Amino acid sequence: MTGHTGFKGTWLTMLLEHCGVEVIGLSLLADPESLYTRAKRLGKIQEDFFDIRDEKKVDNFIGQIKPRVIMHLAAQSLVLESYKNPKITFDVNVGGLVNVLNVFSQIDSVKVMLISTTDKVYENLDSGKSFTEKDSLCGKDPYSASKVAAENAVFAWRELLKNNYNKKILTARAGNVIGGGDFSENRLIPDLVRAFSTNSSVEIRNPTSTRPWQHVLDLVIGYLMMVNNALSGTKLEILNFGPSEKSLSVKEVVKIAAENWRSDANIFFGEDLSNLEARSLELNSSRAREKLGWQPVWTQQQAVTESIAWWKDVLIYGMDAQERCKLDIEKLMNNINPRWTPK
């Protein structure tokens with residue numbers, strides 16, 4: 001797994017461990033405030049730390065391991081950061097991916113590669129359209145444009161490997177992912193948690209903008225179901241993963257979060273950055289439900305509620321972060337119907 005020290009990577013690693021699957025990680029060193037650090041994950045699995053833009057190191061690392069599956073989560077994933085550092089965003093999200101794709105195509109042991117991408121690859125004219133996998137791709141900001149370029153690289157490698165039926169490249173396009181442990185700058189739940197936990201002020205941008213919010217565990221379970229499907233020989237290369245209901249607005253999410261924390265924080269709604277970010281975003285995940293049998297266990301409201309509960313337990317009540325993650329994993333896995341485990 002690339003990006004195993006990131007928010008999604010840490011949750012996915014712990015989910016795989018829960019299911020008894022061996023994971024080997026490749027990533028940059030974790031941020032001191034990351035879930036990886038809070039959960040004391042250093043040294044829990046075989047891992048190495050370097051930049052995926054280093055082609056030689058990527059070749060050597062994956063070549064020595066000879067995995068069966070590669071899950072590529074490493075990315076520069078912040079929209080506003082992409083405006084500050086567009087070149088780095090493209091270098092990581094496209095160049096880094098190409099390095100991994102190139103190794104994947106050369107190592108016989110690897111049968112499946114899943115690339116974690118985003119709902120922001122779709123051409124969004126703010127019409128309120130619910131995007132399907134067949135819709136046109138076009139990125140407005142450097143982050144989404146880099147992800148569209150990454151999808152084009154995947155299309156090229158699929159063509160290169162079209163006669164190699166033992167290898168499958170998958171792309172999973174996800175909505176806005178939330179959950180305990182995400183402490184990134186300029187993300188809604190982390191910004192709220194910082195304010196709630198210190199009773200300070202927080203400015204929230206784009207209150208009327210809508211996003212397909214979903215809990216990280218619902219998403220990474222979808223990743224594993226998609227990989228399972230590919231290992232079984234089924235050709236299902238591109239899937240959306242998002243909530244079943246209509247996207248909530250930023251203001252609605254803030255209200256749910258505030259009601260569940262009950263802090264003295266001062267929340268005010270500030271600058272509208274719709275010139276930088278899309279105003280509306282809806283994701284149609286019916287194909288994942290029909291073809292995989294996947295559906296989110298938690299609604300958007302439950303995802304927000306569970307995310308806030310995680311942070312309160314860890315920050316206010318002093319609960320161990322990894323143990324708190326395990327509780328969410330067990331809760332969600334017990335509610336999946338039909339019962340499911342990765343191969």
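The values are calculated or read from the model by the stated rules, or taken from the named source; none is laboratory data. Source: prediction; values computed, not measured. No Cβ is skipped: glycine too gets one built from the backbone with ideal geometry, and neighbour counts run over all protein chains shown.
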**Message:** List the residue pairs whose Cβ atoms are under 7 Å apart, where the first residue sits in segment 104-119 and is in contact (Cβ under 8 Å) with a residue 24 or more places away in the chain, the second is part of a loop (DSSP other than H, G, I, E, B) and small (Gly, Ala, Ser), and the two are 6 or more positions apart or on different chains.
**Reply:** 119/175; 119/242
**Prompt:** Counting just the residues of segment 142-194 that are more than 19 Å from the chain's Cα centre (by Cα) and of a type in the set (D, E, K, R), which one comes out modelled with the lowest pLDDT?
**Reply:** 162
**Asked** Do we have residue 205 as closer than 24 Å to residue 79 by Cα, within 15 Å of the chain's Cα centre (by Cα) and among the basic types (Lys, Arg) here?
**Response** no
**Request:** Considering every residue within segment 147-156, establish whether at least one is closer than 13 Å to residue 230 by Cβ, touching a Phe, Trp or Tyr at 6+ places or on another chain (Cβ under 8 Å) and not polar (S, T, N, Q).
**Result:** no
**Message:** For segment 195-235, give me each residue that is out of contact with any strand residue (DSSP E or B) (no Cβ under 7 Å at 6 or more places or on another chain) and buried (at least 16 other Cβ atoms within 10 Å of the Cβ).
**Reply:** 196, 197, 205, 206, 217, 218, 220, 221, 224, 225, 228, 229
**Message:** Being more than 11 Å from residue 294 (Cβ to Cβ) and at pLDDT 95 or above is the filter here; which residues of segment 232-241 pass it?
**Reply:** 237, 238
**Request:** Could you tell me which residue of segment 122-136 is nearest to residue 246 (Cα to Cα), considering only residues that are of a type in the set (Asp, Glu) and out of contact with any helix residue (DSSP H, G or I) (no Cβ under 8 Å at 6 or more places or on another chain)?
**Result:** 126
**Asked** When segment 110-132 is examined, which residues are found to be part of a loop (DSSP other than H, G, I, E, B), charged (D, E, K, R) and either modelled with pLDDT under 95 or within 21 Å of residue 75 (Cα to Cα) (or both)?
**Response** 123, 126, 129
**Asked** Across segment 1-22, what is the number of residues that are among the aliphatic types (A, V, I, L, M), in a loop (DSSP other than H, G, I, E, B) and under 18 Å from the mean Cα position of the chain (by Cα)?
**Response** 1
**Residue ID - surrounded by the fewest Cβ atoms within 10 Å (Cβ to Cβ), chosen from residues in segment 23-43 that are part of a loop (DSSP other than H, G, I, E, B) and without any contact (Cβ under 8 Å) to a residue 12 or more places away in the chain** = 43
**Message:** Can you pull out every residue in segment 238-249 that is under 18 Å from residue 70 (Cβ atoms) and either of a type in the set (Phe, Trp, Tyr) or surrounded by fewer than 17 Cβ atoms within 10 Å (Cβ to Cβ) (or both)?
**Reply:** none
**Request:** Just give me the residues in segment 67-89 being assigned to a helix (DSSP H, G or I) and surrounded by fewer than 20 Cβ atoms within 10 Å (Cβ to Cβ), in sequence order.
**Result:** 80, 81, 83, 84, 86, 87, 88
